[in-house]
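What follows is a single structure, written as structure tokens, with notes after it.
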Amino acid sequence: ITIQANYLAAHPQAKVRIEGNTDNRGSREYNIGLGWRRAQAIQRFLEQHGVMANQMDLVSYGKEHPVASGDSESSWQLNRRAELVYEGQNG
């Protein structure tokens, strides 16, 4: 993630969407909140490394966008994540 921070800090026109995700355990409301906190943690890290707040958008999908199906620790671990999605920028 430090590489991402360095890129964003060096390219102030670049924008990124930080998507917080969770595993399928817990209520929808709980997981939306957890995904939001996960995205905010990444945002704080990026800001500490010189990325401007206006370069970042945050969203929480909670458990709605799993990358792994199943009810095992390995599936849950893959679904607990934050993803950085670069938004239409040049250069």
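The values are calculated or read from the model by the stated rules, or taken from the named source; none is laboratory data. None of the values given here were measured: they were computed from a predicted structure. All Cβ positions, even for glycine, are placed from backbone atoms using ideal geometry, and neighbour counts span all protein chains on display. Areas reflect the complete protein model, heavy atoms only, side chains present, ligands, DNA and RNA absent. Shrake-Rupley method; radii C 1.70, N 1.55, O 1.52, S 1.80 Å.
Tabulated results
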| quantity | calculated |
| --- | --- |
| Tail weight of P(r) past 15 Å, computed on alpha-carbon pairs of the chain, percent | 58 |
| Between region 51-73 and region 3-48, the alpha-carbon center distance in angstrom | 7 |
| Anisotropy class of region 1-41 from Cα gyration tensor, a/c 1.5 cut | prolate |
| Those GluC sites (Glu not before Pro) in region 20-91 that DSSP places in a loop and that have at most 16 other beta carbons within 10 Å | Glu64 |
| Inter-site label distance for Ala41 and Ser72 at 7 Å from Cα along Cβ, in nm | 2.4 |
| Highest-fluctuation residue, Asn24, Asn54, Asn79 considered, GNM on the chain with Cα pairs under 10 Å | Asn54 |
| Solvent-accessible area, 1.4 Å probe, carbon plus sulfur percent, for region 30-83 | 52 |
| Where the chain is the region considered: accessible area per residue in Å², 1.4 Å probe | 59 |
| Estimated vicinal HN-Hα couplings, Hz - region 30-42 in sequence order (Karplus 6.51, -1.76, 1.60; Gly, Pro = x) | 4, 5, 4, x, 5, x, 5, 5, 5, 5, 5, 5, 5 |
